[in-house]
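What follows is a set of notes on a single structure, which appears directly below.
The values are calculated or read from the model by the stated rules, or taken from the named source; none is laboratory data. As the structure is a prediction and not an experimental result, all values here were calculated from the model. Virtual Cβ from ideal backbone geometry, glycine too; neighbours counted across all protein chains shown.
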Amino acid sequence: MNPLSRRAFLRGTGVSLALPFLDAMWPAHSARAQAAASAAASSTTAPKRMITICNSLGLYTPDLIPTETGRAYSDTPYLSLLKQHRDQYTILSGLSHPDQAGRDGHASELTWLTAAKHPGLGGFRNTISIDQLVAEKIGFETRYPSLVLGTNYTSSQSYTRGGVMIPGESRPSKIFAKLFLNGSPGEVHGQMRKLKEGRSIMDTVREDAKRFASRIGHADREKLDEYFTSVREMEQRLHKAEDWVQKPKPNVDASAPQDIANEADTIGRMQLLFDLLPLALQTDSTRLVTLLISQRGDVPPVPGVTIDHHNLSHHGQDPEKIDQLRLIERAEFNAFNTLLTNLKAKKEGNGNLLDNTMVLFGSNLGNANSHDFRNLPLILAGGGFQHGQHLAFDQKNNTPLSNLFVQMLQHMGMETDQFGSSTSTSIPGLI
């Protein structure tokens, strides 16, 4: 029997539900070949993906970076929140982009994924970000060349070859609609209304799902049930966050509503966006995601926090401010831990989605208190690298972060030996 198309969908009025990779989608000509293809899928057939997540206000490195190097490091307060994934990530220190002094202390946010020099100064022109460089090569293979996300407004980490920022999407409901809703404006509006009422898109595709399930094996049916459950849970989370607000009608001059009413709730926005990523990747809707976590000048709704995040990041070694900063960043690491857990839970061939997805989490600031862009805090998870270690490099003469970018680009199938300020094609110890 011929394998199912990797672009298989379940369809209903106003809905097109992409399916995850199933064993029946791997090329095979017999039951024996099918089993062999399934066993080898994670290492030879499953597509590679890349997620980059930048926290623009830095991370409190004493609570993140271990003092020990190698594999025998002791967990720091933040890393203890990720301990269940210790073998799936590497902590990197002593990396940065050179020549990042720019128009102000936060200008390096512009160049975290591009490595362009002197951001924001007179005559500055940004360069292409690594995600868009990959998108130029493989973006046509998926419905969306990349997903460019942000927690606030339209800022992002993604830049075109001409150095133009691609606006980031901050509304989880719009991302969800892009992934699963189609049809005429009236059909999409009707489906949005059903979702707001708490009715699942699974109601719309139920009959198609039954017919599809009759064509696949028991293991694939279990994967589908897990996937359908994830879709329903995501709908419920969006519904609870008041996401299904009616969109402005065509030709009406009005601003789109915020999905989360409290604009200061960066953690809530980040969590909802994190929840969508496994669905987007599992269905091969995209293979490239960037997310900019940009804080505001107001107080986030985190218990125990009474000072705005930007002020806390410039703590001046004030113990009270540092304690409140830790509360915010612990919430961020808890959300990151959940993302890794959800990626790892998605089975794919003989492995899982995290095995096939590089996740870079960090910041453009090594010390936000002093706007220092050196010694950036970085965690690289997933992607099949040799993880479970702390790779530390010279704290005074940093290794170019672009060396890591070249290695990531090559991992995504790019034939390149240079990017930005790179001096090497790899980070020693990752492979």
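Counting just the residues of the stretch 156-199 that are touching a Lys or Arg at 6+ places or on another chain (Cβ under 8 Å) and under 30 Å from Arg125 (Cα atoms), which one comes out modelled with the highest pLDDT? Spell out how you get there, then give the answer.
First, the residues of the stretch 156-199 that are touching a Lys or Arg at 6+ places or on another chain (Cβ under 8 Å): 163, 170, 172, 189, 192.
Still in the list and also under 30 Å from Arg125 (Cα atoms): 163, 170.
Numbers: Gly163: 93, Ser170: 89.
In this case the residue turns out to be Gly163.
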The stretch 148-190, residues that are crowded, with 18+ Cβ neighbours inside 10 Å and β-branched (Val, Ile, Thr): Val148, Thr151, Ile166, Ile175
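Do you know which of the residues in the stretch 272-297 that are crowded, with 16+ Cβ neighbours inside 10 Å and either assigned by TED's automatic domain parsing to the domain that holds Leu22 or more than 23 Å from Asn356 (Cβ to Cβ) (or both) is farthest from the chain's Cα centre (by Cα)? I'd like the intermediate steps shown before the answer.
Narrowing the stretch 272-297 to residues crowded, with 16+ Cβ neighbours inside 10 Å: 272-296.
Still in the running and either assigned by TED's automatic domain parsing to the domain that holds Leu22 or more than 23 Å from Asn356 (Cβ to Cβ) (or both): 272, 292-296.
Values: Leu272: 11, Leu292: 9, Ile293: 11, Ser294: 14, Gln295: 17, Arg296: 20 Å.
Out of the qualifying residues, it is Arg296.
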query: When only residues in the stretch 385-431 that are under 20 Å from the mean Cα position of the chain (by Cα) and either surrounded by fewer than 17 Cβ atoms within 10 Å (Cβ to Cβ) or outside the structural domain of Asp131 (by TED's automatic domain parsing) (or both) count, which is modelled with the lowest pLDDT?
result: Gly413
statement: The residue from Phe124, Phe140 that alone is buried (at least 16 other Cβ atoms within 10 Å of the Cβ) and among the aromatic types (Phe, Trp, Tyr) is Phe124
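Considering each residue of the stretch 82-96, count those that are of a type in the set (S, T, N, Q), in contact with a strand residue (DSSP E or B) (Cβ under 7 Å, 6 or more places away or on another chain) and more than 12 Å from Arg71 (Cβ to Cβ), and give that number.
2
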message: Residues to consider are Phe419, Phe393; find the one that is in contact with a Gly (Cβ under 8 Å, 6 or more places away or on another chain) and either within 16 Å of Ser129 (Cβ to Cβ) or aromatic (Phe, Trp, Tyr) (or both).
response: Phe393
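In this structure, does Asn350 turn out to be over 30 Å from Asp220 (Cβ atoms) and in the same structural domain as Thr114 (by TED's automatic domain parsing)?
Working: over 30 Å from Asp220 (Cβ atoms): no; in the same structural domain as Thr114 (by TED's automatic domain parsing): yes.
No.
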